[in-house]
1. What about residue 207, is it part of a loop (DSSP other than H, G, I, E, B) and farther than 23 Å from residue 126 by Cα?
2. May I ask you to list the residues in the stretch 260-281 that are among the β-branched types (Val, Ile, Thr) and under 20 Å from residue 296 (Cβ atoms)?
3. When you check residue 114 against the structure, is it closer than 15 Å to residue 293 by Cα and open to solvent by less than 30 Å² (accessible area, probe 1.4 Å), yes or no?
4. Condition check: under 20 Å from the mean Cα position of the chain (by Cα), part of a helix (DSSP H, G or I) and under 20 Å from residue 251 (Cα atoms). Does residue 213 satisfy that?
5. Hey, can you tell me all the residues within the stretch 102-111 that are over 21 Å from residue 280 (Cβ atoms) and surrounded by 12 or more Cβ atoms within 10 Å (Cβ to Cβ)?
6. Scan the stretch 126-149 residue by residue and report those that are open to solvent by 20 Å² or more (accessible area, probe 1.4 Å) and in contact with a Pro (Cβ under 8 Å, 6 or more places away or on another chain).
7. Can you give me the number of residues within the stretch 255-309 that are aromatic (Phe, Trp, Tyr) and either within 21 Å of the chain's Cα centre (by Cα) or open to solvent by less than 10 Å² (accessible area, probe 1.4 Å) (or both)?
8. Please give the helices (runs of 4 or more DSSP H) falling wholly within the stretch 18-107 in which 1 or more residues are at pLDDT 85 or above.
Amino acid sequence: MPEPSSYEPRGAIAGTGMGGAMDLATGEAATLERVPGGPEGGGPQGRPRSLWSDAWRDLRRNPVFLLSALVILFLVFISIWPSAITSGNPLDCDLAKAQDGSAPGHPFGFDGQGCDVYTRTVYGARTSVTVGVCATLGVALLGSVLGGLAGFFGGAWDAVLSRITDVFFAIPVVLGGLVLLSVVTSNSVWPVVGFMVLLGWPQISRIARGSVITARQNDYVQAARALGASPARLLLRHIAPNAVAPVIVVATIALGTYISLEATLSYLGVGLKPPSVSWGIDISAASPYIRNAPHALLWPSGALAITVLAFIMLGDAVRDALDPKLR
């Protein structure tokens, strides 16, 4: 009689739990022995993936995100260390070179006051990035707190905040800047940042309110409330982490808008004022000489357009990565 082993198939034999046996291929047997949470079901070492890890994985594969991030990193670099790519002083001007074209050491030429356009364009990035980042942080913080509290508690607080946001939405931004900033004599960026925060928080507030209302109705929040979690723990531990994604997306896109708004207000003469260096100031000063010296207008305008476009592209990429409906 032959040995029993000679009749065994090349696969594996697994019990069915009902007194029988089931033939498994070698690959299927290996699947049963695989530890749950491998590369297909979770992160490394069996950790399940989260929304943020999935978003970061998608962003790293998105060429739009990579390109916009490189542009933004370059802008941040020259904002912190402008002397790394230029040795000139943006306030050194020579009227004898006014409206001259490019020359050795001055690739962008000179503006109407004889100032080096290249140096002023590089130093103008510092002002724009500072205003955009500070305004976005202030708007996101204030709007998220007010909108989150309104969406969580509701009632009279929600009603009052909704009417206040309606009032702020009715104020034209440029007209409000002309009225409020015309009485400011400081050359600092902080009055401009404060104005943007004052008129910008209602948009973030409504986004945060809607996100909190949606997250508040989820089952895990109801379960935590039934277990006796305090309102502060519900809001900070369970609701806020799941409601912050839309706020991040809107704030990222709005950053480019605030940079454009600063340039607009400076162009109109109510934002930053000379001797501050700003793309809006340079565009305003070069406008009368657009026929004789178009380079003085095109370079700061181009830098402004590229910066705003980079932040908008970054916001679009972040939105696509954080929106589960687009997966």
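The values are calculated or read from the model by the stated rules, or taken from the named source; none is laboratory data. The structure presented is a predicted model; accordingly, all values stated were derived computationally and were not measured. As a convention, Cβ positions derive from the backbone with ideal geometry for all residues, glycine included, and neighbour counts pool all protein chains shown. To get the accessible areas, we keep the full protein, side chains included, count just its heavy atoms, and leave off ligands, DNA and RNA. Shrake-Rupley method; radii C 1.70, N 1.55, O 1.52, S 1.80 Å.
1. No: the conditions fail for residue 207.
2. Residues satisfying the conditions are 264, 277, 281.
3. Here the answer is yes, as residue 114 does meet what is asked.
4. No; evaluated as a whole, the condition is false for this residue.
5. 102, 103, 106, 107 - these are the residues of the stretch 102-111 that are over 21 Å from residue 280 (Cβ atoms) and surrounded by 12 or more Cβ atoms within 10 Å (Cβ to Cβ).
6. Once the filter is applied, which keeps residues that are open to solvent by 20 Å² or more (accessible area, probe 1.4 Å) and in contact with a Pro (Cβ under 8 Å, 6 or more places away or on another chain), the stretch 126-149 yields only 126.
7. Number satisfying all stated conditions: 2.
8. 51-60, 63-80
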